[in-house]
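The values are calculated or read from the model by the stated rules, or taken from the named source; none is laboratory data. All values reported here derive from a predicted model rather than from experimental measurement. Note that each Cβ is placed from the backbone with ideal geometry, even for glycine, and that neighbours are counted across all protein chains shown. When the accessible area is computed, the model is the full protein with side chains, heavy atoms only, and any ligands, DNA or RNA have been set aside. Shrake-Rupley method; radii C 1.70, N 1.55, O 1.52, S 1.80 Å.
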Amino acid sequence: MKTMNNKLIDGRRLQVPTLKIDTKIIDGKAIAENVKLEVKQHAQRFAAQYGRKPHIAMIVIGRNPASEIYVRNKNKDCEDCDIDQTTYKLPDTTQERLESLIHELNATETVDAILVQMPLPKNLDAKAIQNAIAWEKDADGFGIENTGKLWSGITDATCACTPNGIRHMLHECVSLESLKGKHAVIVNRSNIVGKPMAAMLLDMDMTVTICHSKTENIKTYTKTADLLITAVGQPGFIKPEDIKPGAIVIDVSMNKDAHNKLCGDCEDLTGVAGYITPVPGGVGPMTRAMLMQNIISCAYKRLK
Ligand code: GUN
């Protein structure tokens, strides 16, 4: 697409043609629906083989409204996929009581997968809780066994759902071959998004930079990204001038704007980005679909 742009050249204002990029929207919701249909078939095959449905235990602690919504959505996904779920809603708890519940679930034959919704109240040690879950029942892949396997390239790791969903979207919409050797910039260093994402992109032969809240001149990095993944939690953080024309931009954040409308980190990037993910309807549904896939693989991993 060609448009005219008014530019100052040698002290004179001239009309110069600029190429506008035909930005494509990555429809995470549609891709996630297809994944869920496949998961449902696997769940039904599992039920026929073992006489019961795959089963996840979810634990949510405290009254975090966002966590309650996430868990309710995950409950609905399980229903859609013919997966059994038991949700433990604990108004508050201690480290000992929570670890004891997890040990009980680890030992329960009919529980295939366990998830503890993050973030946890401040009195609880999240790392110890994540590592109390038996590695083969670790639905999020946050424990050290699965994390270590991911970084070692061992393929039976259960992978964190958000980065795994992003990898799946890239596989569906952009050839992974075309990303080899290209520069990926991730603006997030969490155990849930940034770090596992970096491991996956390295395995895809990308060159990876992780930026975070202490990175100096962050936009000098975002401007060089062929693939930009942002999970900052700040509406308007990425502007059209902050990206390389044609870049693939994956917006992980779920924020509310000044009008209380859901939005990500990015301003409107149409005409500059090559691909963008919408918020809502991009990364969110893919994260949930990957959880459903993880439950099935946990169930088969235990019983094979
Ligand atoms: N909180 C935000 N994202 C996640 C996730 O993927 N899993 C869990 N357990 N908690 C989260």
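Given the condition at negative phi, touching an Asp or Glu at 6+ places or on another chain (Cβ under 9 Å), within 15 Å of the ligand (Cβ to nearest atom) and open to solvent by 30 Å² or more (accessible area, probe 1.4 Å), answer yes or no: does some residue in the range 139-150 qualify? No: the range 139-150 contains no residue that is at negative phi, touching an Asp or Glu at 6+ places or on another chain (Cβ under 9 Å), within 15 Å of the ligand (Cβ to nearest atom) and open to solvent by 30 Å² or more (accessible area, probe 1.4 Å).
Checking Asp27 against (1) under 25 Å from Lys256 (Cβ atoms); (2) in contact with a strand residue (DSSP E or B) (Cβ under 9 Å, 6 or more places away or on another chain), which test does it fail? Going through (1) under 25 Å from Lys256 (Cβ atoms); (2) in contact with a strand residue (DSSP E or B) (Cβ under 9 Å, 6 or more places away or on another chain) one by one, Asp27 breaks only (2).
Would you confirm whether or not the range 57-70 contains a residue that is within 30 Å of Ser175 (Cβ to Cβ), open to solvent by 20 Å² or more (accessible area, probe 1.4 Å) and either assigned to a loop (DSSP other than H, G, I, E, B) or at pLDDT 95 or above (or both)? Looking through the range 57-70, none of the residues is within 30 Å of Ser175 (Cβ to Cβ), open to solvent by 20 Å² or more (accessible area, probe 1.4 Å) and either assigned to a loop (DSSP other than H, G, I, E, B) or at pLDDT 95 or above (or both). Residue-level analysis places Ile192 among those that are within 13 Å of the ligand (Cβ to nearest atom), open to solvent by 50 Å² or more (accessible area, probe 1.4 Å) and in contact (Cβ under 8 Å) with a residue 40 or more places away in the chain. In this structure, is Ala258 outside any loop (DSSP other than H, G, I, E, B) and either open to solvent by 50 Å² or more (accessible area, probe 1.4 Å) or under 30 Å from Gln49 (Cα atoms) (or both)? Here the answer is no, as Ala258 does not meet what is asked. Look at (1) assigned to a strand (DSSP E or B); (2) aliphatic (A, V, I, L, M); (3) more than 18 Å from Asn294 (Cβ to Cβ) and you find that Ile114 fails only one, number (3). Residues in the range 208-244 that are over 22 Å from the mean Cα position of the chain (by Cα) and in contact (Cβ under 8 Å) with a residue 40 or more places away in the chain: Thr224 only. The set of residues from the range 144-189 being touching a residue at least 60 places away in the same chain (Cβ under 8 Å), in contact with a strand residue (DSSP E or B) (Cβ under 8 Å, 6 or more places away or on another chain), closer than 20 Å to Thr209 by Cα and not aliphatic (A, V, I, L, M) comprises just one member, Asn188.
Residues are listed down the side, and each one gets a yes or a no for (1) more than 22 Å from Pro278 (Cβ to Cβ); (2) assigned to a helix (DSSP H, G or I):
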{"residue": "Asp156", "(1), (2)": "yes, no"}
{"residue": "Met169", "(1), (2)": "no, yes"}
{"residue": "Glu177", "(1), (2)": "yes, yes"}
{"residue": "Ile186", "(1), (2)": "no, no"}
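Keeping to the range 206-225, report how many residues are in a loop (DSSP other than H, G, I, E, B) and open to solvent by less than 80 Å² (accessible area, probe 1.4 Å). Within the range 206-225, residues that are in a loop (DSSP other than H, G, I, E, B) and open to solvent by less than 80 Å² (accessible area, probe 1.4 Å) number 5.
The listed residues are Met290, Met286, and the only one of them that is under 26 Å from Ile21 (Cα atoms) and open to solvent by less than 10 Å² (accessible area, probe 1.4 Å) turns out to be Met286. For the residues Leu176, Leu202, the requirement of being surrounded by fewer than 18 Cβ atoms within 10 Å (Cβ to Cβ), closer than 28 Å to Ile296 by Cα, among the hydrophobic types (A, V, I, L, M, F, W, C) and at pLDDT below 95 singles out Leu176. Limited to the range 121-138, what total is found for residues that are under 20 Å from Asn294 (Cβ atoms) and either within 15 Å of the ligand (Cβ to nearest atom) or at pLDDT below 95 (or both)? The qualifying residues number 9. Taken over the range 89-98, the residue count meeting the criterion of being surrounded by 17 or more Cβ atoms within 10 Å (Cβ to Cβ) and either modelled with pLDDT under 95 or not in a loop (DSSP other than H, G, I, E, B) (or both) is 1.
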